[in-house]
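The structure appears below as structure tokens.
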Amino acid sequence: MKRVYSASDLVDARLLADALAGERIRTHLFNASAIGAMGDLPFGETWPEVWIDDERDLPRARDVVAAHAARRVLPGSVRCAACGEDSPSNFDCCWQCGGDIAAGAAR
Ligand SMILES: [Zn+2]
């Protein structure tokens, strides 16, 4: 058994577990039900963890984890119509002028 990933949330962990299952890698999900205990335990210790059954699958599992992590990164940026500055696409307003960029879909 080998831990390959600590997820920030259960959905994230499940998505990765599904991706690994698609590669016929057997996985176990830990801390899947510990979310409710957050606040009583040190930060990070209750995060869902994805473990693989067979360590011989580790090289392939690492590839799947890397691809999974890359997909979690929000793509591109959004250009502010007011000042022309680019802000990360997950921002609701322009970092420069505070203008509303959530509606603008320009990349
Ligand atoms: Zn702006």
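Here are a few things to note about the model shown:
- Going through (1) surrounded by fewer than 17 Cβ atoms within 10 Å (Cβ to Cβ); (2) in contact with a Lys or Arg (Cβ under 7 Å, 6 or more places away or on another chain); (3) at pLDDT 80 or above one by one, A106 falls short only on (3).
- Of the criteria (1) touching a Phe, Trp or Tyr at 6+ places or on another chain (Cβ under 9 Å); (2) at pLDDT 85 or above, which one D9 fails: (2)
Residues are listed down the side, and each one gets a yes or a no for (1) surrounded by 11 or more Cβ atoms within 10 Å (Cβ to Cβ); (2) at pLDDT 95 or above:
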residue: F30; (1), (2): yes, no
residue: A34; (1), (2): yes, no
residue: G44; (1), (2): no, no
residue: I52; (1), (2): yes, yes
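- Scanning region 54-97 for residues that are surrounded by 14 or more Cβ atoms within 10 Å (Cβ to Cβ), within 16 Å of the ligand (Cβ to nearest atom) and touching a residue at least 24 places away in the same chain (Cβ under 8 Å) turns up S77, V78, R79, C80.
The values are calculated or read from the model by the stated rules, or taken from the named source; none is laboratory data. Note that the structure is predicted; figures quoted are calculated from it, not measured. We place every Cβ from the backbone using ideal geometry, glycine too, and count neighbours over all the protein chains shown.
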